Amino acid sequence: MLNELAAKLNRTAQEHGWWETEKPFPEVIALCHSELSEALEEYRDGRAYDDVYTKDGKPEGIPVELADCIIRILDFCGMHGIDIDSALEAKAKYNETRPYRHGGRKA
């Protein structure tokens, strides 16, 4: 399911010139972080979690910035042949076996 979307998103990114040169992994992580920071700025501006609005024809808001982060992640997976479906399934299955509030964190 996500593997197909990753391939589609990567095709679009390649068609629009975003992979003309290989991006170093730290740069990809920084770009994902920047999208999350933009979501935080939307929150700080008082936007509701589900508020999507347009500015100059471009969608904006917390959901859009979260989507941008997911798009960057899936694009990277598509570029490098990462089976994100299997990775998510394996991690979710493992998480089901973990004890309540594992890791000793209080909050």
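The values are calculated or read from the model by the stated rules, or taken from the named source; none is laboratory data. Since the model is a prediction, treat every value here as computed from it, not as a measurement. With ideal geometry, Cβ positions are generated from the backbone for all residues, glycine too; neighbour counts draw on all protein chains shown.
Inspect the range 54-64 for any residue being within 12 Å of the chain's Cα centre (by Cα) and either modelled with pLDDT of 95 or more or part of a loop (DSSP other than H, G, I, E, B) (or both) and give the result as yes or no.
Initially, the range 54-64 is screened for residues within 12 Å of the chain's Cα centre (by Cα), giving 63-64.
Applying the additional criterion that residues be either modelled with pLDDT of 95 or more or part of a loop (DSSP other than H, G, I, E, B) (or both) yields 63-64.
So far as the range 54-64 goes, yes, one or more of its residues are within 12 Å of the chain's Cα centre (by Cα) and either modelled with pLDDT of 95 or more or part of a loop (DSSP other than H, G, I, E, B) (or both).
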Problem - Single unsatisfied condition, P26 versus (1) in contact with a helix residue (DSSP H, G or I) (Cβ under 8 Å, 6 or more places away or on another chain); (2) part of a helix (DSSP H, G or I); (3) not charged (D, E, K, R) - result: (1)
Exercise for the section: For the range 76-91, state whether one or more residues are touching a Pro at 6+ places or on another chain (Cβ under 9 Å), closer than 18 Å to L31 by Cβ and not acidic (D, E). Expected result: no
Completion exercise
Flagged in the range 22-79 as small (G, A, S) and surrounded by 16 or more Cβ atoms within 10 Å (Cβ to Cβ), in numbering order, are A39, G61, G78
Practice task
Tell me, yes or no, whether the range 30-38 has at least one residue that is more than 22 Å from L5 (Cα to Cα), in contact with a helix residue (DSSP H, G or I) (Cβ under 6 Å, 6 or more places away or on another chain) and without any contact (Cβ under 8 Å) to a residue 60 or more places away in the chain.
Solution key: yes
